[in-house]
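First up is the structure itself, then whatever we jot down about it.
The values are calculated or read from the model by the stated rules, or taken from the named source; none is laboratory data. For clarity, every value in this text was computed on a predicted model and none was experimentally measured. Using ideal geometry, Cβ is built from the backbone for each residue, glycine included, and neighbour counts are taken over all protein chains shown.
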Amino acid sequence: MKNSPRAFGLVSIGALFGLCLALASGVFAARDDQTIDLPLADLQAFAEILSQVKATYVEEVEDEVLIENAIRGLLAGLDPHSAYLDVEEFKDMRVSTSGQFGGLGIEVQMADGFVRVVAPIDDTPASRAGMEPGDLIIRIDDKPVKGMTLREAVKMMRGKPGTDIRLLVMREGERKPLDIELTRAIIQVKSVRTRTLDERYGYVRISTFTGATGESLSDELRTLQQENPQLQGYVLDLRNNPGGVLNAAVEVSDAFLNSGTIVSIRGRGENEGREFTARPGDEVDERPVVVLVNAGSASASEIVAGALQDHNRAVIVGERTFGKGSVQTIVPIRNDAAIKLTTARYYTPSGRSIQAEGIKPDIEIAALNVTERERSFEPVTEADLDNRLDNDTRDAANPATPGAGAPANSSLQLAQTDFALYEALNVLKGLVIAHNGTR
């Protein structure tokens, strides 16, 4: 008969205590036939605590709840990314990496007892409501977050699509908390979007790394190049990208590289390592690339930025990235649940670990809002002067208009709407000039 989701929790406290007493040698057989030393005295103390809770806690608590809480505490105490996933959480994890899931569209983690936003995902309720990386969620529907586990907070934020939720958010630079109302939705993530900037430059936005991101990138690049054969360079926008599937990061990096290491993974043991390398073929024909990052760029985003930076394949611009340089392995267990366990660190091609350090941009660009200053008067030019000489090459049908301002400039509009992207495009234009000059 198939085990229930919490079958392990049905082991009685007395039986568990008896098991500890039986482990006189203090060892346990591992799955690979190796033996693992277990601290017998600590196991006995653990069983005694469980027994005391079971017998004297103010309210009766079922065995499976006690055991599950113990497992959660064991994993949560290791690092911010290791966790126990019950049946529903494990299902949600698999669905989210496929690119479609329900919720608000934010990547979150615990920070000082509150829920911290790592990054909102493009075109989701969270991004449309203006949530930003670093936001601290302190209340969910008027219920304080302090004292909740991450699981409890996430469970509250999930719900039926179309239903509303209110978040009270602390944001750096704001004098008082922000009251943000969102409507839950089914999140269908299109992880890759492209468009043209100033007619000659390609813009590639990757919002998250799912199993389909690598293939989607190839398709989007192919379409963009067919529609715009004269493209001279690319901006790869990884801002507020919280990461995702490792293989997707490798495939994205590979699209811009001809050879060499992309990322290496090193676990605790000497033989627990792996290296990913690029295959021949650069999908943008070695044209210049600028990678745009910020503090919300994490994990897989940092793999891509680090690989292209170390190979001098791209110039990294923006803000220092989040600094998540560890690898989590999902291990299914016998009760249809799973554990998410940090099993390795990853390293850039030059051997850098970005754990808690992040990727430092080659050119730092702060997040700024740019507005056009109203002029009190139009500047005087040669065209405004009396008895000026006319331009003998100007089309007579289109004479100069004295006092007329400059035509609307798309670059200026970009500076007003997205200053970091505007600056990244300027860097790319310089790279293109240098690239064409060396041919």
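A few points about this structure:
- Qualifying residue in region 302-313 (condition: assigned to a strand (DSSP E or B), in the same structural domain as Phe276 (by TED's automatic domain parsing) and touching a residue at least 60 places away in the same chain (Cβ under 8 Å)): no
- Subset of region 73-87 [within 16 Å of Thr342 (Cβ to Cβ) and crowded, with 17+ Cβ neighbours inside 10 Å]: Leu75, Ala76, Ser82, Ala83, Tyr84, Leu85
- Scanning region 117-150 for residues that are within 14 Å of Arg184 (Cα to Cα) and either among the charged types (D, E, K, R) or in contact with a Phe, Trp or Tyr (Cβ under 9 Å, 6 or more places away or on another chain) (or both) yields Asp123, Arg128, Asp141.
- Residue count, region 178-222 (criterion: in contact with a strand residue (DSSP E or B) (Cβ under 6 Å, 6 or more places away or on another chain), part of a strand (DSSP E or B) and farther than 30 Å from Ile138 by Cβ): 11
- Some residue of region 93-102 being of a type in the set (A, V, I, L, M) and assigned by TED's automatic domain parsing to the domain that holds Met157: no
- Residue within region 105-127 that is closer than 30 Å to Ile138 by Cβ, in contact with a Ser or Thr (Cβ under 6 Å, 6 or more places away or on another chain) and β-branched (Val, Ile, Thr) present: yes
- Scanning region 277-286 for residues that are touching a residue at least 40 places away in the same chain (Cβ under 8 Å) and crowded, with 18+ Cβ neighbours inside 10 Å yields one hit, Val284.
- Screening Arg166, Arg175, Arg151 for residues that are free of Cβ contacts under 8 Å to residues at least 60 places away in the same chain, outside the structural domain of Thr210 (by TED's automatic domain parsing) and not in a strand (DSSP E or B) leaves exactly one candidate, Arg175.
- Subset tally (residues that are touching a residue at least 40 places away in the same chain (Cβ under 8 Å) and surrounded by fewer than 15 Cβ atoms within 10 Å (Cβ to Cβ)) for region 254-267: 1
- With respect to (1) more than 18 Å from Ala314 (Cα to Cα); (2) buried (at least 20 other Cβ atoms within 10 Å of the Cβ); (3) at pLDDT 95 or above, the lone exception for Arg222 is condition (2).
- Counting only residues that are surrounded by fewer than 19 Cβ atoms within 10 Å (Cβ to Cβ) and hydrophobic (A, V, I, L, M, F, W, C), region 303-333 holds 3 of them.
- So Gly173, is it out of contact with any Asp or Glu (no Cβ under 8 Å at 6 or more places or on another chain) and exposed (fewer than 14 other Cβ atoms within 10 Å of the Cβ): yes
- Selection from region 228-261 of residues that are more than 24 Å from Val427 (Cβ to Cβ) and either part of a helix (DSSP H, G or I) or in the same structural domain as Asp123 (by TED's automatic domain parsing) (or both): Leu246, Asn247, Ala248, Val250, Glu251
- Between Val204, Val189, Val169, the distinction of being within 28 Å of Asp254 (Cβ to Cβ) and modelled with pLDDT of 90 or more belongs to Val204 only.
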